[in-house]
Amino acid sequence: MIIIAILIGCIVGAIIGINAPIIPYTYSTFLAIAVVAALDSVFGGITSVLKKNFDLTIFISGFFCNSILSIALTYLGQKLNLDIYLAALVVFVGRMFTNLTIIRRHYIEKWMTKKQENVENVQE
Amino acid sequence: MKIKINKEKTVMAIAIGISCFALMLVMFMQFKVVRQTNITEIETMRESELRAELTSWQEKYKEINERYQEITNTISQYQNESESDQQTAQLLEKELEQLNLALGKTDVEGQGIIIALTDNEGKQIDDRLVDRIYPEDLLLVVNALFGAGAEAISINDQRIIAMSDISSIGDVFLRVNSERISSPYIIKAIGDITYLQSAILGKGGCIDQLKEAGHDATVTEGRRIEIEKYNKTIRTDHID
């Protein structure tokens, strides 16, 4: 059911996104930083699922708050003539890599244990 | 219990679906923007890019302007040169014309006098025979005319130029420009009429002397006297 929801969400979002009107190039930075923030939230969510401490409220609030906050920061940076979005980018991408590492470790460990079990089974 | 789980799962699914929707929406919008935006278009540029562009264009403008100035200068130089060339050509042409006039290579006309001399050789006047007209007599006349500022002179349509000779062939004929001429001698001269007349007329003048010697001499003045050009080639074979 969740997978179906994800698929439907992705497809509908893609279709609407393709057909959406073009926003000015100047504001595309905001969208880009929002995308990065959202992706970071997604990886964070996956990590928390693997760690079995996934909380929907935290996920959703993190998803939207991070995006909006990053957009706000970028806007502030433009007003201050300071590229704050770079800082946000560094943080988000860094966290994405951390989360990816956790996910990778989790699955590799799982795979290794499985393999070891198989070996033990064969030995028995 | 089952329904409760389903409800939670539904909420979760919807929430995740919404977030996926939002993510995809924003991503694809961004893709589209990046794909469809022409980065070189001025409306889509950021301020810093515009500034850089503006600076580069200003520099280009400066360069091109300098180049333009250079080319304009060159063009004006060429124009000046061509003008001066034209002037030189005009001057040369004028000079050539003047030289041709002076040399006698063109037909000329202007105010002047015509002297008609008739040789009365052999006539009996006052108990003496009239002698012929000698080339010296003509030379005197021509010399007097040139002295009075004559610009062109011809004897029997033989133009007098620097190489002209006035001499005699035998006892009957005179020779001007290596051409045989005979009486009556028509001497045409272009110049200031008053000066010319005063130079040859008058007591003791060359015309007077010729008349005394017994020849007929008439002097007429004209507003438009035509003098033909020197009709032989001017040879410069031996001038290096």
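For the range A:25-38, what are the residues that are at the interface with chain B (Cβ under 7 Å from one of its Cβ atoms) and not polar (S, T, N, Q)?
A:Tyr25, A:Leu31, A:Ala32, A:Ala34, A:Val35, A:Ala38 - these are the residues of the range A:25-38 that are at the interface with chain B (Cβ under 7 Å from one of its Cβ atoms) and not polar (S, T, N, Q).
Which members of the range A:47-57 meet the condition of being assigned to a helix (DSSP H, G or I) and more than 11 Å from chain B (Cβ to nearest Cβ)?
A:Thr47, A:Ser48, A:Leu50
Against the condition at pLDDT 85 or above and either assigned to a helix (DSSP H, G or I) or touching a strand residue (DSSP E or B) at 6+ places or on another chain (Cβ under 6 Å) (or both), how does B:Gln87 come out, does it pass?
So B:Gln87 passes the test.
Conditions tested, residue by residue: (1) open to solvent by 10 Å² or more (accessible area, probe 1.4 Å); (2) of a type in the set (Asp, Glu).
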position	(1), (2)
B:Ile169	yes, no
B:Asn177	no, no
B:Ile187	no, no
B:Ile190	yes, no
B:Ser198	yes, no
B:Gly204	yes, no
B:Asp216	yes, yes
B:Arg224	yes, no
B:Glu228	yes, yes
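Condition check ((1) touching a Ser or Thr at 6+ places or on another chain (Cβ under 8 Å); (2) modelled with pLDDT under 90; (3) open to solvent by less than 40 Å² (accessible area, probe 1.4 Å)) across all residues:
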position	(1), (2), (3)
A:Val12	no, yes, no
A:Ile18	no, yes, no
A:Ile22	yes, yes, no
A:Phe30	yes, yes, yes
A:Ile33	yes, yes, yes
A:Asp55	yes, yes, no
A:Phe97	no, no, no
A:Asn121	no, yes, no
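For every residue, the table says whether it meets (1) over 23 Å from A:Ile16 (Cα atoms); (2) at pLDDT below 80.
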residue	(1), (2)
B:Lys4	yes, yes
B:Lys7	yes, yes
B:Gly17	no, no
B:Cys20	no, no
B:Phe31	no, no
B:Arg35	no, yes
B:Met45	yes, yes
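Filter the range B:202-218 down to residues that are in a helix (DSSP H, G or I) and among the aliphatic types (A, V, I, L, M) and give me whichever is nearest to B:Asp131 (Cα to Cα).
B:Leu210
Considering each residue of the range A:1-42, count those that are of a type outside the set (A, V, I, L, M), free of Cβ contacts under 8 Å to residues at least 40 places away in the same chain and assigned to a helix (DSSP H, G or I), and give that number. Lay out the reasoning, then the answer.
In the first step, residues of the range A:1-42 are kept if they are of a type outside the set (A, V, I, L, M); the result is A:9-10, A:13, A:17, A:19, A:21, A:24-30, A:40-41.
Imposing the further condition that a residue be free of Cβ contacts under 8 Å to residues at least 40 places away in the same chain reduces the set to A:9-10, A:13, A:17, A:19, A:21, A:24-28, A:41.
Then keep just the ones that are assigned to a helix (DSSP H, G or I); that gives A:9-10, A:13, A:17, A:19, A:25-28, A:41.
Matching residues across the range A:1-42 total 10.
Out of B:Leu99, B:Leu92, report the one residue that is among the hydrophobic types (A, V, I, L, M, F, W, C), open to solvent by 100 Å² or more (accessible area, probe 1.4 Å), outside any strand (DSSP E or B) and farther than 30 Å from B:Gly205 by Cα.
B:Leu92
For the range A:59-95, give me the residue count where each residue is within 16 Å of A:Leu39 (Cα to Cα), small (Gly, Ala, Ser) and open to solvent by less than 30 Å² (accessible area, probe 1.4 Å).
Of the residues in the range A:59-95, 4 are within 16 Å of A:Leu39 (Cα to Cα), small (Gly, Ala, Ser) and open to solvent by less than 30 Å² (accessible area, probe 1.4 Å).
The values are calculated or read from the model by the stated rules, or taken from the named source; none is laboratory data. Please read all numbers here as calculations on a predicted model, not as lab measurements. Positions of Cβ are backbone-derived with ideal geometry, glycine not excepted, and every protein chain shown enters the neighbour counts. Accessible surface areas use protein heavy atoms only, side chains included; no ligands, DNA or RNA. Shrake-Rupley method; radii C 1.70, N 1.55, O 1.52, S 1.80 Å.
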